[in-house]
1. Suppose we filter the range A:209-220 for residues that are part of a loop (DSSP other than H, G, I, E, B) and either out of contact with any Asp or Glu (no Cβ under 9 Å at 6 or more places or on another chain) or closer than 24 Å to residue A:61 by Cβ (or both); how many remain?
2. Evaluate the range A:77-96: report whether one residue or more is farther than 15 Å from residue A:412 by Cβ, away from every other protein chain (no Cβ under 12 Å) and surrounded by fewer than 24 Cβ atoms within 10 Å (Cβ to Cβ).
3. Of the residues in the range A:30-61, how many are at positive phi and surrounded by 22 or more Cβ atoms within 10 Å (Cβ to Cβ)?
4. Among the candidates A:1, A:71, single out the residue that is farther than 30 Å from residue A:229 by Cβ and among the hydrophobic types (A, V, I, L, M, F, W, C).
5. If you take the residues of the range A:209-250 that are within 15 Å of the ligand (Cβ to nearest atom) and without any contact (Cβ under 8 Å) to a residue 40 or more places away in the chain, which of them is surrounded by the most Cβ atoms within 10 Å (Cβ to Cβ)?
6. Conditions: (1) away from the ligand (no atom under 13 Å from the Cβ); (2) over 25 Å from residue A:219 (Cβ atoms). Residue A:283 meets all but one. Number of the miss?
7. Of the conditions (1) open to solvent by 50 Å² or more (accessible area, probe 1.4 Å); (2) within 14 Å of chain B (Cβ to nearest Cβ); (3) in contact (Cβ under 8 Å) with a residue 60 or more places away in the chain, residue A:111 satisfies every one except a single condition; which number is it?
8. With the requirement that a residue be near the ligand (Cβ under 8 Å from one of its atoms), away from chain B (no Cβ under 14 Å) and crowded, with 23+ Cβ neighbours inside 10 Å, what does the range A:316-343 give you?
Amino acid sequence: MTEREHLPLPQGAEIAVIGGGPAGAFFSIYAMRLAKDMGKKVRLTIFDRKTFTHQGPAGCNMCAGVVSESMVQSLAIDGINLPPSIVQRSVDSYCFHSSSGEVYIRSPYTRQRGIATTYRGGGPKGSEKTGIQSFDEFLMERAAKEGAILDRQVVDEIQLNGYKPRLCSGKKFVMEADLLVGAFGVNALTAKKFEDLGFGYTAPDTIRATQAEMPLGKDWVSEHFGNAIHVFLLNLPGVKFAAITPKGEYATISLLGKDVNQETVKAFLSHPLVQKMLPTNWKLPERFCHCFPKINVGAACKPYGHRIVIVGDAASTRLYKDGIGSAYVTGKAAAQVVSLYGIGEGDFLRHYSTVCKEINRDNLVGRFLFGANDFICGLPSLSKGYFRTLQQEQKDPSLGTPHSDMLWDMFTGSRSYRDILFQAISPRSQYTMVRGVLGALSESFNLFSTALGKG
Amino acid sequence: MGEEGLLGKVYNDGEIIVQEGSAGREMYVIQSGKVQVSKSMGSTVIVLATLGEGEVFGEMSLIDSQPRSATVRALGETRVLTIDHEAFLRRVRSDPFLALSILRQMGLRIRELDHSLSITLGKLEEVQRGLPQISKSPEQAQRDLRSKISQVQQDLNRLKEKLGSV
Ligand SMILES: Cc1cc2nc3c(=O)[nH]c(=O)nc-3n(C[C@H](O)[C@H](O)[C@H](O)COP(=O)(O)OP(=O)(O)OC[C@H]3O[C@@H](n4cnc5c(N)ncnc54)[C@H](O)[C@@H]3O)c2cc1C
């Protein structure tokens, strides 16, 4: 067997991790733990120019910062408990708003505040006094505790022409690594540098998203948004997903879609269902914290090479949901492969590519499910029936809550999309849904006949 | 940061989180506050342990399906994160290392118990060795024995406290 096919991680290995977001941090935490378990000495350095302690997008990895239920639990099992200084608000429900009504869905499994809303950086611009602590910095500190070295510089040149990957920063040689880990996300130009290395990597497709922080004050946020993430199924042009996430003093707007921009934020804020949640005549301040990050909606091609592995958003992530959870899955899986099998191209092909493929396959089902959800919400009668079914389930959960559970799993990322699909096509789900739709149709018919009668 | 940043579920002082003998497959991680682990022995209740922030209980139930072996109640207002059994099993399928984390915690407890048990057994052996001395100098030997027996008694009590897993 050649070195390319199988190369065990050598004693005293130099590991370079490019990117200190969740994927880089999770890889580092688990690689350090496993190396210790296996009696191997490694020197692992995480490179990231960000410190995540500054306010605004420059110190932030730009996302809604929702740490999912399953992520919170997996971390707790691994001994990583999120302290209240990181958790801006603990959440126990999702509230879905549509023109057909509103429904609160509570966590069907543990009935607890098991989801964390966080800031990825030091908080929105102008929030200096609130003492917000960053989720990403917290993870970096955990990695450092496990023995990782944090190097706050950007890696702007990578060479593969020699025996091992060589890294440079500002034209200066930084290190020669036994293993190079790409955890650079989808928002930097680094992906192009990896593509240019010629080992077959191509970055995933992305779409633009927008985020805006609404400084509404703690009392307003608590009273009107409570411990719920609010999802708006509004059929706004070009918007695939719209949500408001409550944090301490702020509530974060997240919009995903094609070419979303500040105008899209304005259109969203002026929708009557959103207006209802805001103080009368409230407007975003002249200067407000906002950003336009990219979101991964595809899959990278060949996220590995000889002595190279790519994790997190830059590799594969769950469609629209739980990107931090996917960074955990891919980061941890790569750490296991490196420690247990090796760093040769063949090691990653056999043991790591399967993890990414599994996520990619599941996303195909996810695409179908989100499409079906959009379709249902786009047809008034169907949407009314759907919401009626959900409301009824929440009013009397003793009769079972299959549709609420499905929606919960879909929007929280608690289960694979494949599992959700199997649940959706079960006869029981079909029966309750048809009953709800028929109820809504007969209601519309009655209204129509009354109107005709009056006419 | 206030209460809104705490994860899990709040239990008030004295509220039972886990009842001895009941069925239940969840594991718990303490986010804030303390809990008391106790076990009924006939009519007496023995306190086995007091656990605090970051500590876990109920981890054995994630793996076996036996009824809860002790009662856990909140000491003051306590917030506890529940680890859902079914979701845990699903996750373990793709990430066996999660189960290893639980096993590691159980291993730590077993090691501590082993250590305490070996110390206690050593002391018992000393007591046994002291028995023949009684005939030579009965008063002194009795005093020594009494003090050793009380030491063993204390060690046994401490050992019981360490049996904190529910
Ligand atoms: C609008 C929006 C909302 C979202 N909301 C959520 C949510 O609520 N919950 C959730 O779980 N996911 C959410 N996501 C997805 C989530 O943001 C990502 O999945 C997650 O950040 C991926 O982590 P990562 O570590 O792979 O990449 P990133 O978080 O992007 O981290 C990459 C890091 O690499 C560094 N880097 C890049 N190039 C270099 C270089 N050359 N040298 C040194 N450092 C470098 C960057 O500075 C950055 O810190 C959201 C995404 C968007 C766009």
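1. Residues that pass the stated criteria total 1.
2. no
3. If we filter the range A:30-61 for residues that are at positive phi, which is where we start, we get A:39, A:52, A:56.
With the extra rule that they be surrounded by 22 or more Cβ atoms within 10 Å (Cβ to Cβ), the set shrinks to A:52.
Result for the range A:30-61: 1.
4. Numbers: A:71 fails: farther than 30 Å from residue A:229 by Cβ.
Only one candidate passes the filter, namely A:1.
5. A:244
6. Among (1) away from the ligand (no atom under 13 Å from the Cβ); (2) over 25 Å from residue A:219 (Cβ atoms), residue A:283 violates only (2).
7. (3)
8. Residues satisfying the conditions are A:317, A:323, A:324.
The values are calculated or read from the model by the stated rules, or taken from the named source; none is laboratory data. Bear in mind that the values here come from a model prediction, so they are computed numbers and not experimental data. Heads up, the Cβs are rebuilt from the backbone with ideal geometry, glycines too, and the neighbour counts pull from every protein chain shown. Note: areas computed on protein heavy atoms with side chains; ligands, DNA, RNA excluded. Shrake-Rupley method; radii C 1.70, N 1.55, O 1.52, S 1.80 Å.
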